[in-house]
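What follows is a single structure, written as structure tokens, with notes after it.
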Amino acid sequence: MPDCIFCKIIKKEIPAKIIYEDDMVIAFEDINPQAPVHTLIVPRKHIPTLLDITTEDRALIGHIFMAANNIAKNKGISVSGFRTLFNCNKDAGQAVYHIHLHMLGGRRLAWPPG
Ligand code: AMP
Ligand code: ZN
């Protein structure tokens with residue numbers, strides 16, 4: 001998608017602090033971190049929202065969570081704990097319409113979220 005900021009990061013057209021990438025996903029640091037660890041895991045495939053996922057994407061979604069599993073261990077937040085989430089549409093405050101799994105950790109996170 002030409003106007004998608006995350007597609008531009010994937011194509012290396014704009015910079016990001018990339019911490020992991022493979023043939024299916026890329027992970028980079030959130031530009032406006034809400035916790036000491038705030039990483040975004042993004043599929044290379046442009047999927048606008050969680051509602052656009054199809055059965056074809058099953059392996060990809062599993063792969064995103066396997067990346068989260070590995071990143072949590074590498075970042076040293078697996079024991080202390082962390083949160084993963086997808087924001088979907090307006091009420092969740094989705095700002096970038098290319099799905100991305102937020103990984104937040106490194107501090108105590110409030111629940112319920114605001
Ligand atoms: P969401 O509200 O779930 O769509 O989250 C979008 C996230 O992307 C926010 O946490 C932003 O801080 C983050 N973000 C936006 N632009 C960039 C960028 N160029 N590099 C890294 N993170 C970004
Ligand atoms: Zn995109």
### Message
Only sites in a loop by DSSP and with at most 13 other Cβ atoms within 10 Å count here; which trypsin sites (Lys or Arg not before Pro) in region 1-51 make the cut?
### Response
11, 12, 17
### Query
Fully extended, how many nm does the chain gain between residue 95 and residue 111 (0.36 nm per residue separation, minus their Cα-Cα distance)?
3.6 nm
### Message
Please report the net charge: other residues with Cβ closer than 13 Å to the Cβ of residue 60, K and R +1, D and E -1.
### Response
-2
#### Entry: Assigned charges on the beta-carbon of Lys, Arg, Asp, Glu; the chain dipole about Cα centre (debye)
400 debye
### Message
Just want the ordering: 42, 96, from fewest to most Cβ atoms lying within 10 Å of their own Cβ.
### Response
96, 42
### Message
Among 30, 22, 91, which one shows the highest mean-square fluctuation when the chain is modelled as a Gaussian network with alpha-carbon springs under 10 Å?
### Response
91
### Query
Considering only Cα-Cα distances, which of the following residue pairs are longer than 19 Å: 8/45; 45/73; 17/75; 11/45?
45/73
## Note on the structure
A correct fewest-to-most ranking of 107, 58 by other Cβ atoms within 10 Å would be 58, 107
#### Entry: Shape call, the chain: gyration tensor on alpha carbons, a/c limit 1.5
rounded
### Task
Determine the gain in length on full extension of the stretch residue 12-residue 45; use 0.36 nm per residue of separation and subtract their C-alpha separation, reporting nm with one decimal.
10.4 nm
### Query
Given labels modelled 7 Å from the Cα in the Cβ direction, how far is it in nm from residue 31 to residue 55?
3.8 nm
### Summary
Note: residue 70 to residue 24 extended length (0.36 nm per residue) minus current alpha-carbon separation gives 15.1 nm
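Read the figures in this text as sums done on the coordinates, not as results from a lab. Model, not experiment: these values are computed from the prediction. Every residue, glycine among them, receives a Cβ derived from its backbone with ideal geometry; neighbour counts consider all protein chains shown.
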